[in-house]
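Novice: Handing you a structure now.
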Amino acid sequence: MLEKVSTADAPAAIGPYSQAIKAGGFVFTSGQIALDPATGNLVGQDITEQAEQVMKNLAAVLKAAGSSFENVVKTTCFLNDMADFAAFNQVYSKYITTAPARSCVAVRELPKGALVEVEAVALLG
C-alpha cells in the first residue's frame, strides 16, 4: 500500500507529485530545492545557503514520514555546477553522517533557478 506524505514544514509540491511516498517499509522523497516552506520563494544566493535550506526541507519531509537522516540508505543529489561539489559536501555531511549510497550529478537546470536538489530513500522508523 502506498501512503502520501505531506507536511507544512517543507515546501508544497510545485507539480503533480507528493513530497514523499511511504511504501514497503521505506520512504521515497521527492527532490527538495531551497524553497522557503512559508513563502514558496527560493532562498540563498550561493550553494552553501541553498544546500542548508534543502537539507532542512528534506529533514522535515523525512520527519513527517516517520524517518530521519539516520535511516537514509540512498540519496541522489543534483548540482547546477559541479564546481560547487566541495562546498555542497560540507553542508551535506553536517546533516547526513551515516555515509549512505549516493549519486551526485551536474544538471543543466533545476526548477526555479535552484543550484541544488536532493532526494532520499530511507527506512521507516
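Derivation of every value follows stated rules applied to the coordinates shown; laboratory data play no part. This one's a predicted model, so the numbers in the text were calculated from it and none came from an experiment. All Cβ positions, even for glycine, are placed from backbone atoms using ideal geometry, and neighbour counts span all protein chains on display.
Novice: Could you tell me the calculated FRET efficiency between S93 and V43, based on Cβ-Cβ distance and R0 = 22 angstrom, to the nearest 0.05?
Specialist: Working: r = 21 Å, r/R0 = 0.95.
Efficiency for this residue pair is about 0.60.
Novice: Using a Gaussian network model of the chain with C-alpha springs under 10 Å, which one of S18, S68, S103 is most mobile by mean-square fluctuation?
Specialist: S103
Novice: Determine the distance separating the Cα centre of region 98-125 from the Cα centre of region 12-41; give it in Å without decimals.
Specialist: Comparing the Cα centres of region 98-125 and region 12-41, I get a distance of 12 Å.
Novice: With axes computed from alpha carbons, what is the tilt in degrees of helix 47-65 against the longest principal axis of the chain, rounded to the nearest 10 within 0 to 90?
Specialist: Result, in degrees: 0.
Novice: I would also like to ask the following. In whole percent, what relative contact order does region 3-123 give with Cα contacts below 8 Å and a gap of six or more residues? Don't jump to the answer; show the numbers that get you there.
Specialist: Values: 248 pairs, mean separation 38.5, N = 121.
RCO, region 3-123: 32 percent.
Novice: A further question on this structure: Within 13 Å, Cβ to Cβ, of C104, how many net charges do the neighbouring residues add up to if Lys/Arg are +1 and Asp/Glu are -1? Before the final figure, lay out the partial values.
Specialist: On the way: positive: K74, R102; negative: D81, D84, E117, E119.
Within the 13 Å Cβ shell, the charges total -2.
Novice: Follow-up question, since we're still on this one. Once you put a point 7 Å from the Cα of Y17 and another 7 Å from the Cα of T76, both along the Cβ direction, what distance in nm separates them?
Specialist: Using points 7 Å along Cα→Cβ, the separation is 0.8 nm.
Novice: For region 10-20, take each phi angle, set θ = phi - 60°, evaluate the Karplus expression 6.51 cos²θ - 1.76 cosθ + 1.60, and give the result in whole Hz per residue in order, putting x for glycine and proline.
Specialist: With the stated coefficients, region 10-20 comes to 10, x, 5, 4, 9, x, x, 8, 9, 4, 6 Hz.
Novice: Using a Gaussian network for the chain with springs between C-alpha atoms less than 10 Å apart, which of these wobbles most: T39, T29, T48?
Specialist: T39
Novice: Let me ask something else about it. Which of the pairs K74/K112; K63/K112; K4/K63; K4/K112; K4/K94; K22/K63 have their Cα atoms more than 22 Å apart in this structure?
Specialist: Values: K74/K112 25 Å; K63/K112 25 Å; K4/K63 13 Å; K4/K112 24 Å; K4/K94 28 Å; K22/K63 12 Å.
With Cα atoms farther than 22 Å apart: K74/K112; K63/K112; K4/K112; K4/K94.
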